[in-house]
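Right, one structure below, let's go through it.
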Amino acid sequence: EKGTLNLSSNPPSNVVLDGRPLGITPRAGIKVKPGKHHVVFIHPKLGRKSARANVKPGATSNVSVRFR
């Protein structure tokens, strides 16, 4: 069973999940395979931030970053 990812950043940024561009945050309800996932948030002026998500089957994980 797949899990769900919700991705957000402040301010909004481009997000790349496991090497796949998903567009601008926030992105909610992304269905993913269980296990570890790599998330990169890219802001044109503030740089990039990486995060990891460990998604359990049938569960929802939230990944949120704040650029300063």
Number of the condition not met by residue 45 [criteria: (1) surrounded by fewer than 11 Cβ atoms within 10 Å (Cβ to Cβ); (2) assigned to a strand (DSSP E or B)]: (2)
Selected residue (criterion: least open to solvent (accessible area, probe 1.4 Å)) from residues of segment 48-68 that are assigned to a strand (DSSP E or B) and over 17 Å from residue 22 (Cα atoms): 55
Please go through segment 9-33 and give me each residue that is of a type in the set (A, V, I, L, M), without any contact (Cβ under 8 Å) to a residue 24 or more places away in the chain and either out of contact with any Ser or Thr (no Cβ under 9 Å at 6 or more places or on another chain) or open to solvent by less than 80 Å² (accessible area, probe 1.4 Å) (or both), ordered by number. 17, 22
List the number of the failed condition for residue 12; all other conditions in (1) over 18 Å from residue 67 (Cβ atoms); (2) not in a strand (DSSP E or B) hold. (1)
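The values are calculated or read from the model by the stated rules, or taken from the named source; none is laboratory data. Being a predicted model, the structure only gives us computed values, none of them experimental. We place every Cβ from the backbone using ideal geometry, glycine too, and count neighbours over all the protein chains shown. Note: accessible area is taken over every heavy atom of the protein model, side chains too, but ligands, DNA and RNA are not part of it. Shrake-Rupley method; radii C 1.70, N 1.55, O 1.52, S 1.80 Å.
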